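Chemist: Here's a structure for you.
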Amino acid sequence: MGNFLECMGSFFCRQKNTNIRITLPFVCFLWQIAMIVLFGIFIRYDEESDVRQWLELKERNNITSDIENDFYFRYPSFQDVHVMIFVGFGFLMTFLKRYSFGGVGFNFLIAAFGVQWALLMQGWFHALDPVTAKISIGVESLINADFCVASSLIAYGALLGKVSPVQMMIVTLFGVTLFAVEEYIILNLLHCRDAGGSMTIHTFGGYYGLAISWVLYRPNLHQSKRLNGSAYHSDVFAMIGTLFLWMYWPSFNSAITDHGSGQHRTAINTYIALTSSVLTTVAISSMSDKRGKLDMVHIQNATLAGGVAMGTSAEFMITPYGSLIVGFCVGIISTVGYLFVTPFLEKYLKLQDTCGIHNLHAVPGMLGGFIGAIVAAFASEEVYSRQGLIETFDFEGEFADRTPGTQGGFQAAGTCVAIAFGLVGGAAVGLILRLPIWGDPADDNCYDDEAYWEVPEDEDSIPPVLEYNNHMIHKHQDISESNFSVEQS
Amino acid sequence: MGNFLECMGSFFCRQKNTNIRITLPFVCFLWQIAMIVLFGIFIRYDEESDVRQWLELKERNNITSDIENDFYFRYPSFQDVHVMIFVGFGFLMTFLKRYSFGGVGFNFLIAAFGVQWALLMQGWFHALDPVTAKISIGVESLINADFCVASSLIAYGALLGKVSPVQMMIVTLFGVTLFAVEEYIILNLLHCRDAGGSMTIHTFGGYYGLAISWVLYRPNLHQSKRLNGSAYHSDVFAMIGTLFLWMYWPSFNSAITDHGSGQHRTAINTYIALTSSVLTTVAISSMSDKRGKLDMVHIQNATLAGGVAMGTSAEFMITPYGSLIVGFCVGIISTVGYLFVTPFLEKYLKLQDTCGIHNLHAVPGMLGGFIGAIVAAFASEEVYSRQGLIETFDFEGEFADRTPGTQGGFQAAGTCVAIAFGLVGGAAVGLILRLPIWGDPADDNCYDDEAYWEVPEDEDSIPPVLEYNNHMIHKHQDISESNFSVEQS
Amino acid sequence: MGNFLECMGSFFCRQKNTNIRITLPFVCFLWQIAMIVLFGIFIRYDEESDVRQWLELKERNNITSDIENDFYFRYPSFQDVHVMIFVGFGFLMTFLKRYSFGGVGFNFLIAAFGVQWALLMQGWFHALDPVTAKISIGVESLINADFCVASSLIAYGALLGKVSPVQMMIVTLFGVTLFAVEEYIILNLLHCRDAGGSMTIHTFGGYYGLAISWVLYRPNLHQSKRLNGSAYHSDVFAMIGTLFLWMYWPSFNSAITDHGSGQHRTAINTYIALTSSVLTTVAISSMSDKRGKLDMVHIQNATLAGGVAMGTSAEFMITPYGSLIVGFCVGIISTVGYLFVTPFLEKYLKLQDTCGIHNLHAVPGMLGGFIGAIVAAFASEEVYSRQGLIETFDFEGEFADRTPGTQGGFQAAGTCVAIAFGLVGGAAVGLILRLPIWGDPADDNCYDDEAYWEVPEDEDSIPPVLEYNNHMIHKHQDISESNFSVEQS
């Protein structure tokens, strides 16, 4: 199959043209208009954001204070998650020396589209009123939409610099759709707990992106090698992304957990796990260089692995030292992944993974899923109390007689579902993206903002014409490109 | 009048001198000392921040929990707004290749002064105790002060790079004063609703800045053309501003709306409108370039238009799809403004608008005012419930018998008041700024941090003296300036 | 003693080698494993984050709503503080032209280690259950851990560019330990109030860093002078740090103050003091330059002095104008410090203070401690009410009969304790750091990321080989370094 794809690819490649003047506006307008129509048909305020319903709810439930509105439980976390999606993911992808516009800009575009589509898709699966056929949205829906789109942004990490914005709109359209389905299977049918999305977001998003990247393999990508790396300041920009992801990860994992001790405990566990990832990342990064120098790639990415791996178990009673151990291990695993697995995948599996999402999302996410399964399986009434077990694992309704052990099994099954959705979905979407109509760049034109952005002339457009000693030096320097012409009279 | 001003201007220009060693410290000290005196006379804690009064209030109103303190309803939103004012506006204005210090630094200065003056001005109009003649401040006052100063920061956008910090202190002094008056007229006398300030903040601030810029027209500004543009990294810095504005705009619009469903709904509507602005901005930006390339100016600015345009109506029951439509339209209008209107204004109306605030604030703000009028006029008891109408539109006291239709009329009138205040006030302030004592730069010296900042020698002050093959090359390179001297022996 | 140290130093210096491939991973692994073991033995969830205990607590205390969980009082402030620690301090230290990786990266490393150790140290002193010998942690513990590590990050400011990451791990290990002890003495034994840590954090951290730097004096540091300065873009990066510190300082000071009016008032006071620091900083900075130009160093640092100086008194009834006056004065003092005191200290006291923490933390912190003492001493029942005095100053239990006057005395004593701990502790730690095994850089190799980081080839690794008119110009340009070879055929 790889061979067939390669042939097809080299045929298609001859026609590569990054002019997206027709396709990009077309896709944007078409999808945005579709969103307006579908929102008009389906989406309504929920009873805590609708003025009439909130007044009725307060009266009905004897709520004496507006502070009981879910807004005040979740809005601060929502804003933190929002920052992670747009600044965190966006700036993390500015690390390439000449693809910072594309990193932060296309992240912005696809996230803004994705959250709209996510409100619909997740609404149809989770919040459709069977009587009125309307979807009710509130602050928790906004958080979930941000979560949903995160999986597509993770996939973008593998594709960064190699695809057109039109392709990324396709990736997001299908990514959000697949997410809503796998999430429904994992959370509703298997009744898993996955508040921070180790399974649904990171495992799915990671394997989704890897599968797409595998199908889009570019044998001659080395022609763009000169641009596939960072510059000093672009690495500092990327640290903005890293730090906002790292700092707000406790909010990410706790944003939709249970009110009260649920949110409280989740934030603590995530905070603790992340601190320990930093130390092991630094240790392995230093060990791997013969002079002990640190690699910014590791610091920017592997330090976050603890947050990914705690996505499922942070709301459980994993204990503070359990969190430390998780962060400790995945920090090592993730850094080792950047050192050895990514080059291996590229060389032997023909898988080009620009940001190394395999090491930051796919593997830590999968491990997080299994860690969650184990922690759930060992949950005891002694630690949680009977009521605590019921609340934490939602052992209610048709799941009232599920035991922690069984729950652990289902959690593990959920992780496998996420992997399967990612791989199969990604392969299918990858095939769609191989159509030669999406405006992706040629192999020698990747990682270059010039393809899709009007890039400024740059710093030295200040006319620097200087004559000296029979030499005339015209200098039009660009932060990325320098052209010298030295004329001798 | 334009002619007269021009003559006067060319007379004054001969004396241009950017040395502000006397004026800037004088203004800073004078105004800061005035603030201390006026704060001493007028400003006190309100009953939720004063320890004695809060204890009394709890007892009097039978408040059982400190969580009922307004601090917990508003503080998270306040901090988001605060970030918008200092990082959002500040970094949005770093986009010029050599005016990043001035962009973020003077924004910092004038915002820090402005909020103090705003606490006083808004206090006198809205929170003066008639008995004690004291102003009570709490967290809502801080938010309102941030809002108030936003209008002056918007005006700074039109003037960026062309005025001295002393002039900006003047602009802010009068801007805050005018704001407090027009706000009093709009919110109290006309009894409009305008929680996110489409009228009071954006319309007023936009036209205020445009009028000043028009009076300060510089016919020879082309002499600074080489610096009136971005560099690669300065565009990435500006995206920090854009994204923090974009992400936190739901907090901006909801910060002072009604507790409970009011804040909840406002945040949702703003979030939704913003997403749709992003897609139409991208679409129009791509369509406008012959190769379909995106322009960073549009992405940095027009994506925010949805937030501006929802400033009035976000707290109403505009519906989610209504919000999408608003964002859709203003995204287009704003981008088209950057493409055609700004050049037109400069060429035919002699109006130089550095950041294009006409397209991001003036027009979307004005539209937001009228959208608010329409949505208010169509408010029905069926949708809001009787009590909901009263709470949302404050149909209480002397306004108890106002109907939604009437309210719509007043909202529209309020928008016109904001425009008028902006234009007239801005023209007057512009005349004051033409006095040749404020240290503004000459026409060939605009957009240059060198005028007001000690700019570092820069990256290559590392002595790079190299001898090679009878050549000696001394290189003192600066990120902005390169000097080459090639000596042949 | 200075002489003895110098001799010892010059002996040690001969062996300077920045290879930390053994020591850094060793320290990271050792300490992280120690943390896991100690967390396993000691640390448990508190009763608001443990699911069983929270359910019991709600029942026992008749708590009807989860919103009463301390999480909702403190989590938004916690996240703001978290941003200050990692982005605020981190980016503030990116201002050096070639030490941005080290600034933000080592800040990240030591903060991540420090908070773990702080949870333990502060836990042993403040939250150890005498029966079970367990430490209970909740969101307030996380805030306190962030606070605790801030003192070590302040110390890093004095040492920036001159020490190895291994040394910084040592500084943090001892810094956190000393902090916990002095905090115990100040807050528990002397029963001072110091919610924003003027004494415990800034005074201690400032003098701790200065004492270390004094012991580590490098007589030949001028050899690295070319790198001891900023570049245009590194100054803009540093403004990210400045602004996030400035904006979130109200959260820093109010994060652990009393629920209700306590947090509310603290935020207001800090906000007000900070605005006034900005104006006086700008005034003094402009006055000090013969053309009135502003210095970025002052804007980046002295504007924050108001926050530091309000760390103790912000929770008291200092009044809004009182806050303005504090900000006014310390803005001047701090800027004057940067202008005159730092050069003086370096020349005459042999004290090299990279970031000028003397002017931003040590002195404003100390002043803040004494201001707090004065404000406490003048607290009256008339202003606070009897109950308010008890709540604000914790005049309960064995301190029930303390008067405001006595309290003022103890506050002043607390400040002296903080200074003493900083100076003595710092000197001792400095001696440990002089051992020639920690991999610190040689005098001509300071302020250079090359020592500990794999620095990218940079922007122009795009092969720029150009032939023109018998000249071949090979250019390998780096944003920091340019090498030219001009061959004439």
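Chemist: Using the 7 Å Cα-to-Cβ label point, sort the distances from residue B:40 to its equivalents in the other copies shortest first and give them in nm to one decimal.
Modeler: Going from nearest to farthest copy, the values are 6.3, 6.3 nm.
Chemist: Continuing with the same structure: Give a residue-ordered list of calculated ³J(HN,Hα) values for the range B:428-437 (Karplus: 6.51 cos²θ - 1.76 cosθ + 1.60, θ = phi - 60°; whole Hz; x for Gly, Pro).
Modeler: Values per residue, Gly and Pro as x: 5, 5, x, 4, 4, 5, 7, 4, x, 10 Hz.
Chemist: Further question: Taking every Cα atom in the range C:81-125, find the radius of gyration and the maximum pairwise distance Dmax, and write them in Å.
Modeler: Radius of gyration, then largest Cα-Cα span, for the range C:81-125: 12.3, 41 Å.
Chemist: On the rotation axis linking copies A and C, which residue of A comes nearest by its Cβ, and by how many whole Å?
Modeler: Taking Cβ atoms only, the nearest residue and its distance are A:76, 3.
Chemist: Which value results when the Cα radius of gyration for the range C:305-460 is divided by 2.2 N^0.38 Å?
Modeler: On the way: Rg = 21.3 Å, N = 156, 2.2 N^0.38 = 15.0 Å.
Working it through for the range C:305-460, the quotient is 1.42.
Chemist: Shifting gears a bit: For peptide C:107-116, what's the mean number of Cβ atoms from other chains within 10 Å of each residue's Cβ?
Modeler: Rounded to a whole number, the mean comes out at 5.
Chemist: List nothing, just return the count: lysine pairs in chain A, 8 or more apart or interchain, with Cα separation under 17 Å.
Modeler: Working: A:16/A:162; A:97/A:162; A:97/A:225; A:162/A:225; A:162/A:350; A:225/A:347; A:225/A:350.
Eligible lysine pairs with Cα atoms under 17 Å apart amount to 7.
Chemist: Three principal axis extents, largest first, for the C-alpha atoms of the range B:117-188, in Å?
Modeler: Largest first, the range B:117-188 extends 45, 22, 19 Å along its Cα principal axes.
Chemist: Right, next: Could you tell me which of B:417, C:251, A:112 has its Cα farthest along the dipole of the protein assembly as shown towards the positive end, charges placed at Cβ (Lys, Arg +1; Asp, Glu -1), taken about the Cα centre?
Modeler: A:112
Chemist: Let me ask another. Extent of the range C:383-436 along each principal axis, from alpha carbon coordinates, in Å, largest to smallest?
Modeler: Computed over the Cα atoms, the extents are 58, 19, 17 Å.
Chemist: Okay, moving on. Rounded, prolate or oblate, given the Cα gyration tensor of the range B:126-270, with a/c below 1.5 counting as rounded?
Modeler: Details: a/c = 2.43, a/b = 1.48, b/c = 1.64.
Oblate.
Chemist: Taking +1 at the Cβ of each Lys and Arg and -1 at the Cβ of each Asp and Glu, which of C:408, B:157, C:43 sits farthest along the dipole of the protein assembly as shown towards its positive end, judged by Cα position relative to the Cα centre?
Modeler: B:157
Chemist: Right, next: Sorted by packing (mean other beta-carbon atoms within 10 Å per residue), highest first, where do C:332-338, B:268-274 land? Spell out each step's value before the answer.
Modeler: Values: C:332-338: 23.3, B:268-274: 30.1.
Highest to lowest by the protection proxy: B:268-274, C:332-338.
Chemist: Give me a single rounded figure for B:55-63: the average over its residues of other chain Cβ atoms within 10 Å of their Cβ. Kindly include the intermediate steps, with their values, before the conclusion.
Modeler: Details: counts 8, 3, 2, 2, 1, 0, 0, 0, 2.
Neighbouring Cβ atoms belonging to other protein chains average 2 per residue here.
Chemist: Compute, for chain A, the length of the dipole vector about the Cα centre, with Cβ point charges of +1 (Lys, Arg) and -1 (Asp, Glu) only. Units Debye, rounded to 20.
Modeler: Details: 26 positive and 46 negative charges, 258 e Å.
In debye, rounded to 20, chain A gives about 1240.
Chemist: Grab every C-alpha pair in the range B:15-168, bin the distances at 10 angstrom width from 0 up to the longest one, and report whole percents.
Modeler: In order of increasing distance, the bins hold 10, 31, 32, 17, 8, 2, 0 percent.
Chemist: How far, in nm to one decimal, is residue B:437 from itself in the other copies if the label point is set 7 angstrom along Cα toward Cβ? Shortest first, please.
Modeler: Spelled out, the distances from residue B:437's label point are 6.9, 6.9 nm.
Chemist: Next question, about the same structure. Other chains' Cβ within 10 Å of B:342-351 residues: what's the mean? Don't skip to the answer; put the middle values down first.
Modeler: Values: counts 0, 0, 0, 0, 0, 0, 0, 0, 0, 0.
Taking the mean over all residues of the peptide, I get 0.
Chemist: For chain C, compute Rg over Rh where Rg is the Cα radius of gyration and Rh is the Kirkwood radius from the inverse mean 1/r over Cα pairs.
Modeler: Working: Rg = 24.1 Å, Rh = 23.7 Å.
Result for chain C is an Rg/Rh of 1.02.
Chemist: Give me the distance between the Cα centres of the range B:184-233 and the range C:295-350, rounded to whole Å.
Modeler: Using only Cα atoms, the two centres lie 34 Å from each other.
Chemist: Test of understanding: ordering A:347, C:58, A:162, A:225 by Cβ neighbours within 10 Å, fewest first, what list do you get?
Modeler: Numbers: A:347 9, C:58 18, A:162 23, A:225 12.
Least crowded to most crowded, the residues run A:347, A:225, C:58, A:162.
Chemist: How large is the dipole of the protein assembly as shown about the Cα centre if only Lys and Arg carry +1 and Asp and Glu carry -1, each at its Cβ, rounded to the nearest 20 debye?
Modeler: Numbers: 78 positive and 138 negative charges, 509 e Å.
It comes to approximately 2440 debye.
Chemist: So, how do all the Cα-to-Cα distances of the range A:371-412 break down into 10 Å bins, in percent, from 0 on up?
Modeler: 34, 60, 7
Chemist: At residue A:22, label 7 Å along Cα→Cβ: distances to the other copies, nm, ascending?
Modeler: Counterpart label points of residue A:22 in the remaining copies fall at 6.7, 6.7 nm.
Chemist: Where the only charges are on Cβ atoms (+1 Lys, Arg; -1 Asp, Glu), what is the dipole of the range B:55-104 about its Cα centre, to the nearest 20 debye? Walk me through the numbers before you get to the answer.
Modeler: Values: 5 positive and 6 negative charges, 106 e Å.
Around 500 debye, computed over the range B:55-104.
Chemist: Among the GluC sites (Glu not before Pro) in the range C:360-459, which ones are in a DSSP loop with at most 11 other Cβ atoms within 10 Å of the Cβ? Mind listing them? Intermediate results must be reported in sequence, preceding the final value.
Modeler: Numbers: sites: C:381, C:382, C:391, C:396, C:398, C:450, C:454, C:457, C:459; in loops: C:396, C:454, C:457.
Sites meeting the loop and neighbour criteria: C:396.
Chemist: Another question about this same structure. Just the Cα atoms of the range A:328-380, one point each, no solvent: what log10 I(q)/I(0) does Debye give at q = 0.18, 0.26 Å⁻¹?
Modeler: So the normalised log intensities are -0.61, -0.95.
Chemist: Quick one: what do you get for the range B:241-301 if you divide its Cα Rg by 2.2 N^0.38 Å?
Modeler: Working: Rg = 14.7 Å, N = 61, 2.2 N^0.38 = 10.5 Å.
Output field value: 1.40.
Chemist: In terms of modelled amide H atoms, which long-range or inter-chain residues lie less than 5 Å from the amide H of residue B:45?
Modeler: For residue B:45, the qualifying residues are B:137.
Chemist: Could you bin all the Cα-Cα distances of the protein assembly as shown into 10 Å bins starting at 0 and give me the percent of pairs in each, rounded to whole numbers?
Modeler: 2, 9, 17, 23, 23, 17, 8, 2, 0, 0
Chemist: What is the spread of the Cα atoms of the range A:231-369 along each of their three principal axes, largest first, in whole Å?
Modeler: Here the Cα extents, ordered largest to smallest, are 47, 32, 23 Å.
Chemist: If you wrap the range B:205-261's Cα atoms in a convex hull and average its projection over all directions, what's the area in nm²? Each step should come with its number before you reach the end.
Modeler: Working: hull surface 25.0 nm².
Answer in nm², one decimal: 6.3.
FYI, it's all coordinate maths here, none of it is from the lab. Just so it is clear, the model here is predicted, and its values are computed rather than measured. Glycine also receives a Cβ, built like all others from the backbone with ideal geometry; neighbour counts cover every protein chain displayed.
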